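K.L.:
Structure in C-alpha cells, see below.
Every number in this text was worked out from the coordinates using simple rules, so none of it is lab data. On a predicted model such as this, the values are computed, not experimentally measured, just so you know. Positions of Cβ are generated from backbone atoms using ideal geometry, with glycine treated the same way; all protein chains shown enter the neighbour counts.
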Amino acid sequence: MKVVELNNALIEELNRMEAEALVAWAFNNFGARAAIGTSFQLTGSVIIELASRTSKDFRVFTIDTGRLHQETLDMVGKVEQRYGIKIERFTPDAEKVKDMVERFGEYLFFTDKAKQEYCCKVRKVEPNQRALASLDVWITGLRRDQSGYRQDVKKAEVVDQDGRKILKLAPLADWDMNRIDSFIEENDLPINELFGKGYDSIGCVICSTPLVAGEAPRSGRWRWQNSEDNKKECGIHISGNTRISGSVRISGSGNISGNLDISDKAGSSTLTHKPSKCSDDDADLESENEDG
Ligand code: SF4
C-alpha cells in the first residue's frame, strides 16, 4: 500500500480501530516502511509489545540525543533482547552539535525557550526527520491526556513531512494511565527504571526531572519553564519547519547578547531571544535536582 491510496473513509476507519488492530494494520500493509518511534516512555513499551504480536521483524527507532539517562540507554538492550530485534539509533549531526555548543554553551536550554527549542531541533528534531525520511508510517506513543496540547491527537492522520505525505499513528491516543499500567503489569513488560524513581515523562538529563505529588504529567520536562509556557513540546510532534536566524554572542563572563529569531516556514517570527545569562552554576544546580 502507498500513502496516496489512503482516502478519507480509510483514515476514519483507522481512527476507530483498537490499538492492537491499528499496529497490526500498519505493519501488515507497509512492512519495513512502517516503524515505531520511541523514547522509551511507558507507551513505547506497550506499542512494541503490540507489534510483536503481528510480526517478528518490526522496525523500531529511537533518537539518541547524546544527553540521555543511562537508564534510557539500558532500555535499548532490554527491548532488543526480549523481542530479538535491532533498534535503529538516530543521532544528531556531530558538526551541528559542536557548533551549537561552541556558540551557546552546553546548557543553552536554560537561557530561554528559543534556545531550548534550538537545542531540541539540533539534538532531536533533525535526527527524527532523518528517521522519518526512511518510512511511510510513523507509529508514536502520543496520548490525549498527556497535556492540553495533545488533547486532540488523532489515532491516524496524514501529515506533511518535508514536502512528503506520511501516515502518523497514535494507537494509544485514547488509553489512560490506568490502562497502560495494567497492560504493562499483565504482560511483564520491560520499562525504563526512571519510572520507579518518580519520573513520568522522560527526555534528556537535566531537561526531565521527577514529579512531586499532584503535578501534571509533563511538569517535570523543562521544569524552569513551568511558569511561562505550557506547551512543553520538543518540536518532534509540531508540524511545519522552523527557520533559525540571527546572531548571539557569548562573552567570557557568560553574558549573552544579540538576537536569535526563530520563525516558522512562512517567515512569521514566533520566538525572539532575550539577552540573559546562563552560567555553569545554574547548570550544576539543575544537575543536583535531576539526581535527587
Ligand atoms: S530535551 Fe534538553 S538537552 Fe535534550 S534536546 Fe531538548 S533542550 Fe536539548
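K.L.:
For a quick check: sort 122, 159 by the number of other beta carbons within 10 angstrom, fewest at the front.
P.N.:
Details: 122 21, 159 15.
Fewest-to-most Cβ neighbours within 10 Å comes out as 159, 122.
K.L.:
Fewest Cβ neighbours within 10 Å first, please rank 3, 23 accordingly. Write down the numbers at each step before the final one.
P.N.:
Working: 3 14, 23 28.
Ascending number of Cβ neighbours within 10 Å: 3, 23.
K.L.:
Quick one: net charge around residue 26, please, counting Lys, Arg +1 and Asp, Glu -1 for every other residue with C-beta under 12 Å from its C-beta.
P.N.:
Details: positive: 33, 59, 155, 168; negative: 20, 136.
My count for the surroundings of residue 26 gives +2.
K.L.:
Using a 10 Å cut-off around each Cβ, can you sort 121, 115 from fewest to most neighbouring Cβ atoms?
P.N.:
Values: 121 22, 115 25.
Lowest to highest Cβ neighbour count: 121, 115.
K.L.:
Counting only residues 5 or more places away or on other chains, whose amide H sits under 5 Å from the amide H of residue 59 once H atoms are built in the peptide plane?
P.N.:
Residues meeting the amide H criterion: 36.
K.L.:
Turning to a different aspect of this structure: Please tell me which of these pairs span more than 21 angstrom C-alpha to C-alpha: 56/154; 115/168; 2/124; 56/197; 56/86?
P.N.:
Numbers: 56/154 27 Å; 115/168 27 Å; 2/124 27 Å; 56/197 32 Å; 56/86 11 Å.
In this structure, 56/154; 115/168; 2/124; 56/197 lie more than 21 Å apart at Cα.
K.L.:
Same structure again: With a point put 7 Å past each Cα toward its Cβ, work out how far residue 18 is from residue 74 in nm, to one decimal.
P.N.:
Output for this residue pair reads 3.4 nm.
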